[in-house]
Amino acid sequence: MKLTSSKSKRLGEKAKGYRKSYKKRIWAALTVLSVGAVWNTQAASTATNSVIELSLEDLLNVKVTSVSKKEEKLNDAAAAVYVLGNEEIHKSGATTVAEALRLVPGLQVAAIDANSWAVSSRGFNSQFANKLLVMIDGRTIYSPIFSGVYWDVEQLLLDDVDRIEVIRGPGATVWGANAVNGVINILSKSARDTQGSLLYGGGGNVHLVMGGARYGGKIGEDTYYRMYGTYQLNDDFLQSNKARNNDSWDLQKFGFRVDSYTKREGHLTWQADAQGGKLSDESGSTFGFNTLGRWTQTLSERSNYEVQAFYDHIYRNDFLAEVILDTADITFQHSFGVGEKNDVIWGVGYRYTDTQIGKINNPAISILDHNVPLNLASMFIQDEYKIVPDKLFFTLGTKVEHNDFTGVEVQPSGRLTFKPAENQTVWGSVSRAVRTPSEFEGRNFFSFITAAPVPGPSGGIFLPTVFGNPNVKSEELMAYELGYRIQPNHRLSIDVATFYNDYSRIISEPTKIFIPGFPFGTLAMHPENSLTAESYGGELAVTYAATEDWKISGSYSLLILNAHGNANLDAENFELNAPTHSVVLRSSYDITKQVTVNGQLRYVDNVNGIQAYVTADLGLSYRPTPNVEISVVGQNLLDDRHPEQISQLGALTTEVPRGFYGRITWKF
Amino acid sequence: MNPPKRPGRRAVCLLVLFSVWWVAVATVGFSAETVSSEPQVKAAFLINFAKYADWPSNAFEKANSPIVLGVMGDNKVSEELQKVIAGRVINGREIVLKRANSIDEAGACHILFISNAEQQHTPTVLDQVKGHVLTVGESPEFLEKGGVINLVRKDQKIALEVNLTAADKAQIKISSKLLSVATLVKGKAN
């Protein structure tokens, strides 16, 4: 599943032409931003106590934040955490979850074509980015068949998303295997907070049609519900020769969520979604549904328990094969205080995943076993010890899992938090995390011809084919992190996180065996734990509310990755898939009470076969009344189109086009 | 071979400018102060109520006697008020902040904010406070217990509920402007 080196060379040469024009654009954009900073210096000094000066009508429209215990904890967390709030998502003009993730500092998000994305944190980005765990409301959407995420089926109603929490670095002690380089947790609002109706509709040249509706109501005194539906139709991307890529796709999603609160601090959630869509003009369709229930009971200020169960069914018929994936999962967790100084959290879980392969749509694939069940049992325990209350904390924990391929996996972590002052946090951590092999790598049920036939050493023609290897072990990471957070005042926050990651047993296919045959022989390749790598770098994120009306934020990420091993091409690909520098700058300005302008500028350094690029999004929204919003958004504005990531499946590279859309949202 | 990976001059320029921008922004940021937290918005409402309520003349000793704004319970709202109240004049009267720790002190206020922290005592306070007191609360049953204005959280905003019977009882006229943005709730007359 790799691109041949000659192809990436061609792409690299083609991309060189972009360089000059980018340079000019970077300068222009940065000049504008610098001027903005100077102007901001003057604006900020006049804005004090402005909430107090607001009129009655304005006060009724001010949004208030009351920092909950959980959010406070997040700010003190001994991990590189970023929370993308509902308003940030809304203002970004994102129409899909993947687009929204482009805003998160330190995440690498690249569109491969119209319906697939490569999303990763701290490197190893590819279509099959396998070191990042992604969950929606506690339900994992990480697919064990290929160790990645089908981003195209997650067409959420973004207005009902409360926040997206992103942890860069290992989160395995609590979340479990495959939370190696990061965890993305998408959390929807409680039905209590989405009462009333919402309608939106719009369209443009890239996102051709978008629409959605939600209705939220009350069943009893403390029981709330909402129902929603969304639809989005997206056009083809173009290939570099301007040919249409025939990858237009659509998706419709429906669902509901019920939240019931008891008088005694219990909270029951039940939710379900179903989705269906066309994957692209030629390659098939997808259908799926899921349902999840969760009961949370607060017992005291320091104690609560939670029981959660979900079932998820996905059918996907794409250009490779017809795959049916069923997942059932149940977890229990409990937290409590021991004495004054210790807070313990522990949990157990069990997951059953059944993968069935139906018909094969690609002659490159042959199936040895059509039904692949997988059992995963896990438990974790973690203790937070207050060495000096409110100042110094030590957290020690571990997760122990058992899975069918690799047996027992132990993933411990130790974290130290020091708060020199209320508004400052210094933290450090050491953790171990593993990435279990995908079913494709770890079981011999599947073989895949990855490239064009090659001549053998003593004549004959051989097809390079990857087979699964039941003896392959989990990839392993030891991560060392150090971070610092400061909020000099309520307007400004600065977050710096640095890391050193030491990877071993990375899976690649180093050994090639020529098996003669007619008309073609087979060049057999088996996944082996053959590579090691180390990476280091960091992320800086700054958010600043310059005035009540103007908020700006920026982030810079540095990532350097060196991989070693016999399979040189793989090692090199890993190194090349890490953009050394990336920058995101964002600004949101309320010109008047009715009009807001949002802009963002992104710079992504060279990745495998793709030259560095800068692009920008700009959105204008107008609210004639508080319940109606009309917005116009331009995405990827700085060029006609640009490539972001090469396909791992050997498909032609497609380019992300400049897009515009308009949208009307009505709440009542 | 793949194209060599090098940050290049472009990236360096970008970084330098990026740093300069942030230094500029951060320098300003360190000197700035406020944000709209829930106590701050509630404090702003309380000051606004002084503008939109009319007390009978016998509620004041003299024509220029101050409007007394009392807080029972919550320190955060009174901290916010403390920061901004000094020197504020509304309808020709100065507005002063007082802590109300007893029924007597509460009765001497023109506006009395009873925070959630005092929820247990709310019925007693509302029953016993005599005089022209505009009582403001933040708990679900505040108006049913005889309060005049309730600050309720709706989604992420603060909304107003008014109990006109209780306002009449206290002989306080609430301006139509305030009533037009509030929800009228029938509650117990104090």
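Details
- Odd one out for A:Asn246, checked against (1) within 26 Å of A:Gly202 (Cα to Cα); (2) crowded, with 16+ Cβ neighbours inside 10 Å: (2)
Quick grid of which residues meet (1) at pLDDT 90 or above; (2) in a loop (DSSP other than H, G, I, E, B); (3) within 11 Å of chain B (Cβ to nearest Cβ):
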{"residue": "A:Glu575", "(1), (2), (3)": "no, no, yes"}
{"residue": "A:Thr596", "(1), (2), (3)": "yes, no, no"}
{"residue": "A:Tyr603", "(1), (2), (3)": "yes, no, yes"}
{"residue": "A:Val614", "(1), (2), (3)": "yes, no, yes"}
{"residue": "A:Asp617", "(1), (2), (3)": "yes, no, no"}
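- Entry remark, the stretch A:257-283: residues being surrounded by fewer than 19 Cβ atoms within 10 Å (Cβ to Cβ) and assigned to a strand (DSSP E or B) number 10 in total.
- Scoring B:Ala159 on the criteria (1) of a type outside the set (Lys, Arg); (2) loosely packed, with under 14 Cβ neighbours inside 10 Å; (3) within 17 Å of the chain's Cα centre (by Cα) leaves a single failure, condition (2).
- Any hit, the stretch A:190-198, residues being on the phi > 0 side of the Ramachandran plot and either surrounded by fewer than 23 Cβ atoms within 10 Å (Cβ to Cβ) or modelled with pLDDT of 85 or more (or both): yes
- When the strands (runs of 3 or more DSSP E) confined to the stretch A:431-530 are screened for residues that are among the β-branched types (Val, Ile, Thr), those reaching at least 3 such residues are found at A:461-467, A:492-508.
- Scanning the stretch A:629-648 for residues that are part of a strand (DSSP E or B) and either farther than 16 Å from A:Gly93 by Cα or modelled with pLDDT under 90 (or both) returns A:Arg641, A:His642, A:Pro643.
- Residue that is surrounded by the fewest Cβ atoms within 10 Å (Cβ to Cβ), among those in the stretch B:144-156 that are more than 14 Å from every other protein chain (Cβ to nearest Cβ) and either over 17 Å from the mean Cα position of the chain (by Cα) or part of a strand (DSSP E or B) (or both): B:Glu144
- Single condition A:Glu476 does not satisfy, out of (1) among the acidic types (Asp, Glu); (2) within 20 Å of A:Asn130 (Cα to Cα); (3) within 14 Å of chain B (Cβ to nearest Cβ): (3)
- Scope the stretch A:459-475; condition farther than 13 Å from A:Thr511 by Cα and out of contact with any Asp or Glu (no Cβ under 8 Å at 6 or more places or on another chain); matching residues: A:Gly459, A:Gly460, A:Ile461, A:Phe462, A:Leu463, A:Pro470, A:Asn471, A:Lys473, A:Glu475
- Filtered residues of the stretch A:347-406 (kept if polar (S, T, N, Q), crowded, with 17+ Cβ neighbours inside 10 Å and touching a strand residue (DSSP E or B) at 6+ places or on another chain (Cβ under 7 Å)): A:Thr353, A:Thr355, A:Ser378, A:Gln382, A:Thr395, A:Thr398, A:Asn403
- Residue in the stretch A:561-573 that is farthest from the other protein chains (Cβ to nearest Cβ), counting only those that are outside any strand (DSSP E or B) and surrounded by fewer than 20 Cβ atoms within 10 Å (Cβ to Cβ): A:Asn566
- From the list B:Lys83, B:Lys98, B:Lys5, the one residue that fits, being at pLDDT 75 or above, within 14 Å of chain A (Cβ to nearest Cβ) and either out of contact with any His (no Cβ under 6 Å at 6 or more places or on another chain) or surrounded by fewer than 17 Cβ atoms within 10 Å (Cβ to Cβ) (or both), is B:Lys83.
- Qualifying residue in the stretch A:451-468 (condition: over 21 Å from A:Val180 (Cα atoms) and in contact with a Lys or Arg (Cβ under 6 Å, 6 or more places away or on another chain)): yes
- Residue selected from the stretch A:488-505 under the condition charged (D, E, K, R) and in contact with an Asp or Glu (Cβ under 6 Å, 6 or more places away or on another chain), by the criterion farthest from A:Arg432 (Cα to Cα): A:Arg505
- Selected residue [of a type in the set (Gly, Ala, Ser) and within 24 Å of A:His370 (Cα to Cα)] from A:Gly517, A:Gly468: A:Gly468
- Pick from the stretch A:486-505, criterion modelled with pLDDT under 90 and surrounded by 19 or more Cβ atoms within 10 Å (Cβ to Cβ), ranking: nearest to A:Leu559 (Cα to Cα): A:Ser493
- Contact annotation: residue pairs with Cβ atoms under 7 Å, 6 or more positions apart or on different chains, pairing a residue in the stretch B:65-83 that is more than 18 Å from B:Gly107 (Cβ to Cβ) with a partner that is of a type in the set (Ser, Thr, Tyr) and part of a loop (DSSP other than H, G, I, E, B), are B:Asp74/B:Ser115; B:Val77/B:Ser115.
Yes/no matrix, rows are residues, columns are (1) under 30 Å from A:Gly217 (Cβ atoms); (2) touching a helix residue (DSSP H, G or I) at 6+ places or on another chain (Cβ under 6 Å); (3) of a type outside the set (A, V, I, L, M, F, W, C):
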position: A:Ala274; (1), (2), (3): yes, no, no
position: A:Ser300; (1), (2), (3): no, no, yes
position: A:Phe310; (1), (2), (3): yes, no, no
position: A:Phe319; (1), (2), (3): no, no, no
position: A:Gly339; (1), (2), (3): no, no, yes
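- Some residue of the stretch A:160-180 being in a strand (DSSP E or B), in contact with a Lys or Arg (Cβ under 8 Å, 6 or more places away or on another chain) and surrounded by fewer than 24 Cβ atoms within 10 Å (Cβ to Cβ): yes
- In the stretch A:199-206, the condition of being on the phi < 0 side of the Ramachandran plot and touching a Leu at 6+ places or on another chain (Cβ under 6 Å) is met by no residue.
- Within the stretch A:577-594, the set of residues being β-branched (Val, Ile, Thr) and away from every other protein chain (no Cβ under 11 Å) comprises A:Ile591, A:Thr592.
- Among the residues making up the stretch A:321-330, those that are out of contact with any Phe, Trp or Tyr (no Cβ under 7 Å at 6 or more places or on another chain) and without any contact (Cβ under 8 Å) to a residue 60 or more places away in the chain are A:Ala321, A:Glu322, A:Asp326.
- Residue count, the stretch A:478-513 (criterion: in contact (Cβ under 8 Å) with a residue 40 or more places away in the chain, out of contact with any Ser or Thr (no Cβ under 8 Å at 6 or more places or on another chain) and among the hydrophobic types (A, V, I, L, M, F, W, C)): 3
- In the stretch A:577-597, the qualifying residues are those that are in contact (Cβ under 8 Å) with a residue 60 or more places away in the chain and among the aliphatic types (A, V, I, L, M), and the one that is surrounded by the most Cβ atoms within 10 Å (Cβ to Cβ) is A:Ala578.
- Residues that are under 21 Å from A:Asp605 (Cα atoms) and in contact with a helix residue (DSSP H, G or I) (Cβ under 7 Å, 6 or more places away or on another chain), drawn from the stretch A:117-161: A:Trp117, A:Val119, A:Phe124
- Residues of the stretch A:312-332 classified as at pLDDT 90 or above and either polar (S, T, N, Q) or surrounded by fewer than 17 Cβ atoms within 10 Å (Cβ to Cβ) (or both), total: 7
The values are calculated or read from the model by the stated rules, or taken from the named source; none is laboratory data. Quick caveat: nothing in here was measured; it's all calculated off a predicted structure. When we count neighbours, we look across all protein chains shown, and the Cβ atoms used for this are built from the backbone with ideal geometry, even at glycine.
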